[in-house]
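Everything on this sheet refers to the single structure shown next.
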Amino acid sequence: MARKPSLAFARIRAEVLAAVETVPRGRVTTYGAIATCLEVSARHVAYILAGLDSDQARQIPWHRVVAEGGTIRLPTPEGRALQTKRLRAEGVSVSRDGVVKHFEAVVFRWPVRPEGPGKATRGPYSAPSTPPLFARSLELGYPAPP
């Protein structure tokens with residue numbers, strides 16, 4: 001029997017997917033940039049993206065997420081080749097060794113929230129009343145606040 005994810009995990013997952021969807025075509029972001037925006041760990045972001053099933057991987061532009069500095073860090077050669085192919089199809093230049101060329105010119109980062117990092121006024125993901133950051137998060141599995 002599969003375990004139901006916690007409220008916090010379900011919300012973080014939905015927020016990660018919604019954040020990735022906001023990265024413009026032809027741009028990239030980093031695991032760390034998403035993590036900073038959502039106030040979670042970059043490892044959480046990587047774990048969630050690595051767990052996409054094939055349908056989700058076709059719908060969510062996961063290929064726009066790279067390591068800091070623009071390095072493609074997928075564990076398999078097939079995964080790195082697919083990510084490179086998808087980025088190049090969007091006009092992102094990638095070197096033969098898997099590094100996004102002109103990284104600073106194509107990296108996308110979310111604006112810092114007015115309250116500043118570490119000072120979220122929304123509440124924790126585990127609190128039932130915490131609203132999502134992205135409207136699309138509700139469609140992607142964010143359990144709605146009561």
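The values are calculated or read from the model by the stated rules, or taken from the named source; none is laboratory data. Predicted model, so just to flag it, every value in this text is computed and none were measured. Note that each Cβ is placed from the backbone with ideal geometry, even for glycine, and that neighbours are counted across all protein chains shown. Each accessible area value is taken on the protein alone, full model and side chains, heavy atoms only, with ligands, DNA and RNA left out. Shrake-Rupley method; radii C 1.70, N 1.55, O 1.52, S 1.80 Å.
How many Å² of accessible area per residue for the chain, probe 1.4 Å? All intermediate terms of the calculation are to be shown ahead of the outcome.
On the way: 8410 Å² over 146 residues.
Normalised by residue count, the accessible surface of the chain is 58 Å².
Rounding to the nearest 10 and keeping the result within 0 to 90°, find how far the Cα-based axis of helix 7-21 lies from the longest principal axis of the chain.
It works out to around 40 degrees.
Using 0.36 nm times the number of residues separating Ser95 and Ala135, minus their current alpha carbon distance, what extension gain do you get?
Length gained, Ser95 through Ala135: 10.9 nm.
In debye, nearest 20, what is the charge dipole magnitude of the chain about its Cα centre with +1 on Lys and Arg Cβ and -1 on Asp and Glu Cβ, if you could check? Intermediate values should be presented prior to the final figure.
Numbers: 21 positive and 12 negative charges, 27 e Å.
The calculated dipole for the chain is roughly 120 debye.
Convex hull volume of the Cα atoms in the chain, per residue, in Å³?
Working: hull volume 17.6 nm³, N = 146.
Spelled out: Cα convex hull of the chain, divided by residues, is 120 Å³.
Which listed residue (Leu133, His63, Thr30) has the Cα farthest towards the positive end of the charge dipole for the chain, taking +1 on Lys and Arg C-beta and -1 on Asp and Glu C-beta about the Cα centre?
Of the listed residues, the answer is His63.
Choose one answer from Pro24, Pro128, Pro75: the residue with the largest mean-square fluctuation in a GNM of the chain with alpha-carbon springs under 10 Å.
Maximum among the listed residues: Pro75.
Relative to the longest principal Cα axis of the chain, at what angle does helix 77-89 sit, 0 to 90 degrees, rounded to 10?
With rounding to tens, the tilt is 90 degrees.
So what's the projected area for region 48-96, the Cα convex hull averaged over all directions, in nm²?
Values: hull surface 14.4 nm².
Convex hull of Cα atoms, orientation-averaged projection: 3.6 nm².
Can you tell me how region 1-66 classifies by the Cα gyration tensor, rounded, prolate or oblate, using a/c under 1.5 as the rounded cut?
Details: a/c = 2.14, a/b = 1.33, b/c = 1.61.
Oblate is the answer for region 1-66, as a/c is 1.5 or above yet b/c matches or exceeds a/b.
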